[in-house]
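Here is the structure we will look at.
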Amino acid sequence: MAIVVKRPKLKWYEQLYLPALAKGLRVTMGHFFNLLSGKTKVTMQYPEEKWDANLPEYYRGAPALVTDEQQRERCVACQLCEFICPPRAITIKPEEIPSEDRWAKVEKRPKTFDINMIRCIYCGLCEEVCPEQAIYLRKDYAITGTSREEMIHDKQKLYEIGGVREGLVNKWNKLK
């Protein structure tokens, strides 16, 4: 059974376009005069002016890898970020850590870790799913390159732009 919704009958002056046009013109002129008086700023003069001071706390920029205080890789190559990435921008090839290595307890590390920044949608799922807090989204919004190859960030570049992050890393915890 269909439900019929009756439309209200408009009065004669509500059917005219002039009142709606006048309201829209009033709003437009209000914005125009605010712009002339300097109350409203429309254009940011990039790159002289930057958003850095005005970025919200929840802003998600480009992903990067981080090391701990002793310059050790935090990534354990669990590949969770690769599996959860919706556009499949992350590619990881794990390798085994040699048994004679001091940190052999971890078992594996990423041999290659690539993020295609052209495909990345900055959703933040990789950061949320990482058990070791090895990947995070920076507050960077100016990611440029002159070719497609420059836009594929490899492990070395990701560590370079990521830097060091302090705090407990489960990977190096002897009790785990």
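The values are calculated or read from the model by the stated rules, or taken from the named source; none is laboratory data. Computed from a predicted model, the values in this text were never measured in an experiment. Cβ placement follows ideal geometry from the backbone for every residue including glycine, while neighbour counts extend to all protein chains displayed.
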Q) Being under 23 Å from Ile161 (Cβ atoms) and out of contact with any Pro (no Cβ under 7 Å at 6 or more places or on another chain), is that true of even one residue in region 94-104? A) yes
Q.
Please count how many residues of region 35-67 are assigned to a loop (DSSP other than H, G, I, E, B), in contact (Cβ under 8 Å) with a residue 24 or more places away in the chain and touching a helix residue (DSSP H, G or I) at 6+ places or on another chain (Cβ under 7 Å).
A. 1
Q.
So Asp140 passes all but one of these: (1) under 25 Å from Lys50 (Cα atoms); (2) part of a strand (DSSP E or B). Which condition number does it fail?
A. (2)
Q.
So if I check each of Glu95, Glu132, Glu82, Glu127, which one is charged (D, E, K, R), in a strand (DSSP E or B) and assigned by TED's automatic domain parsing to the domain that holds Gln156?
A. Glu95
Q. Among the residues of region 106-123, is there at least one that is over 15 Å from the mean Cα position of the chain (by Cα), assigned to a loop (DSSP other than H, G, I, E, B) and of a type in the set (D, E, K, R)?
A. yes
(Q) For region 124-153, which positions are among the hydroxyl-bearing types (Ser, Thr, Tyr) and in contact (Cβ under 8 Å) with a residue 24 or more places away in the chain? (A) Tyr136, Tyr141
**Q.** Scope region 96-143; condition under 18 Å from Tyr159 (Cα atoms) and of a type in the set (Asp, Glu); matching residues
**A.** Asp114, Glu127, Glu132, Asp140
Q: Identify the residue in region 124-163 that is acidic (Asp, Glu) and at pLDDT below 90 and, among all such residues, is surrounded by the fewest Cβ atoms within 10 Å (Cβ to Cβ).
A: Asp140
(Q) Please verify whether Glu82 is among the charged types (D, E, K, R) and either within 30 Å of Glu48 (Cα to Cα) or more than 19 Å from the chain's Cα centre (by Cα) (or both), treating the condition exactly as stated. (A) no
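Looking at region 98-123, which of the residues that are of a type in the set (A, V, I, L, M) and surrounded by 17 or more Cβ atoms within 10 Å (Cβ to Cβ) is farthest from Pro63 (Cα to Cα)?
So, considering only residues that are of a type in the set (A, V, I, L, M) and surrounded by 17 or more Cβ atoms within 10 Å (Cβ to Cβ), the one farthest from Pro63 (Cα to Cα) is Val106.
Which one of these is on the phi < 0 side of the Ramachandran plot, among the charged types (D, E, K, R) and surrounded by 10 or more Cβ atoms within 10 Å (Cβ to Cβ): Lys23, Lys9? So that I can check it myself, show each step before the final result.
On the way: Lys9 fails: surrounded by 10 or more Cβ atoms within 10 Å (Cβ to Cβ).
Every option except Lys23 fails the conditions.
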Q: Among the residues of region 154-164, write down those that are in contact (Cβ under 8 Å) with a residue 40 or more places away in the chain and either of a type in the set (Ser, Thr, Tyr) or closer than 19 Å to Gln133 by Cβ (or both).
A: Lys155, Leu158, Tyr159, Ile161, Gly162, Gly163, Val164
Q. Inside region 68-84, can you point out the residues that are farther than 12 Å from Phe113 by Cα, in contact with a Cys (Cβ under 9 Å, 6 or more places away or on another chain) and surrounded by 16 or more Cβ atoms within 10 Å (Cβ to Cβ)?
A. Arg74, Leu80
